[in-house]
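Single-structure report; data block below.
The values are calculated or read from the model by the stated rules, or taken from the named source; none is laboratory data. As the structure is a computational prediction, the values presented were derived from the model and not from experiment. Note that we place each Cβ from the backbone using ideal geometry, even for glycine, and neighbour counts take in every protein chain shown. These area figures cover heavy atoms from the full protein model, side chains too; ligands, DNA and RNA do not enter into them. Shrake-Rupley method; radii C 1.70, N 1.55, O 1.52, S 1.80 Å.
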Amino acid sequence: MTIDETYMKRAITLAKRGAGWVNPNPMVGAVMVRDGRVIGEGYHEFFGGAHAEVNAIRSANEPVTGATLYVTLEPCAHEGKTPPCANLIVDEKITRVVVAVGDPNPLVNGRGIEYLRTHGIEVEPGILEDQAIMMNEVFEKFIRTRLPFVVLKSAMTLDGKIATVTNASRWITGERSRRMVHLLRQQLSAVMIGVDTVLFDDPLLNIRLKGSWKNPLKVIADTHGRIPLEAKILANDPQLTVVATTNLADPGKLKTIERMGAQVLICPVKNGRVDLAFLMQALGAMEIDSVMIEGGSTLAFAALQEGIVDKLITFVAPKILGGANAPTPVGGAGIENMDGAINLKRMKTSRMGEDIMVEGWV
């Protein structure tokens, strides 16, 4: 690993501290180096807060004139919620900037690098570019399409069951896997389930970890408005709940749900259920940059069939349940021929205690 890669790796590590706090902005980290010494570090800590470059400069324990700045994303050159970072870099007389990846935001998209170069600063782009892109896969999609990055999450036994024949599902996976799911809820802006999951499990969908966490928006796909008014998700956190339904639901009940503090979103009907493509467009307009679909199997198949899923995360537990009628992660009508199978790429596996976490991109 080169010296530039070593410092950029540190900048990427710093950037990840902003996961879940900066959405819909990207995670960005920065490291200030002079004569082989780190003199300042920073990262984008929360949405609307100072950018990583600013925090790195502020934290420096000596003047940054003549130093090298390592930053995971191209410095901005436009006025947004904060002043342009490219201007600050020039004003502080930093002489070299190493960038992992260009900013796909149309307001930046090369302008930051161009501004630095026209002011005599040496710019070295593309250092650990693939890692930086992967880290900000949510931002990369949302800034280009204004559609949320969608993760389909499931937990199953080794024989592919998400519950017993009596729909008992607590707990399929171990503690480490369940903790990871809570961390994912923190990192992504919304979690989404079908109404059947509400009826069977009555989940809270919040983050139950020690410390300070930002609970996600909770989205319920409920074509006919079947969600019980006494559901925990309405009783405990209605202001963070969206019931995505259709004109097939009882208008009176929908009014009651709104009076409870939840938001009701009327969607078109497609194939007899909520139009998921429309729902994603609506969530994107609400600045929801990412959604994790957590259940159930009918919703999972509909999401895959509709083509809204970007990534799958599956936790596999070393257990066997059996049962021809026990539910599986993906239900629905299914695919008739093998050539219609939904193929995944860039498969990754990780150990989660006794479980295995499998990641794949559609």
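Structural remarks
- The magnitude of the dipole of the chain, with charges of +1 and -1 set on the Cβ of Lys/Arg and Asp/Glu and taken from the Cα centre, is near 820 debye.
- Dipole magnitude for region 294-345: computed about the Cα centre from +1 point charges on Lys and Arg Cβ and -1 point charges on Asp and Glu Cβ, it is near 240 debye.
- Extension gain, residue 350 back to residue 129 (0.36 nm per residue minus Cα-Cα distance, nm): 77.3 nm
- With 0.36 nm allotted per residue and the present C-alpha distance subtracted, the residue 47-residue 215 stretch has 59.0 nm of extension available.
- Per residue, region 231-270 exposes an accessible area of 49 Å² to a 1.4 Å probe, with every protein chain left in place.
- Relative contact order [Cα under 8 Å, 6+ residues apart], the chain, whole percent: 16
- Positive-end residue, the chain charge dipole about Cα centroid, Cβ charges, pick of 104, 20, 324: 324
- Between residue 176 and residue 2, residue separation times 0.36 nm minus the direct Cα-Cα distance comes to 59.2 nm.
- Label zone (residue 164, point 7 Å along Cα-to-C-beta; backbone nitrogen cut-off 20 Å) within region 183-207: 197-203.
- For residue 118 and residue 287, a Förster radius of 25 Å and the Cβ-Cβ distance give a FRET efficiency of 0.15, rounded to the nearest 0.05.
- Loop-located chymotrypsin sites (Phe, Trp or Tyr not before Pro) in region 81-182 (DSSP state other than H, G, I, E, B) with a sparse environment of at most 13 neighbouring Cβ atoms within 10 Å: 171.
- Filter on 9/93; 16/153; 214/255; 141/161; 16/270; 153/348 - keep pairs with C-alpha separation over 26 Å: 214/255; 141/161; 16/270
- Note on the chain: GNM, Cα springs under 10 Å; of 127, 288, 335, the largest mean-square fluctuation is that of 335.
- From its DSSP helices (H runs of at least four residues, each -39,500 (n - 2.57)), the chain gives a residue-normalised ellipticity at 222 nm of -8000 deg cm²/dmol.
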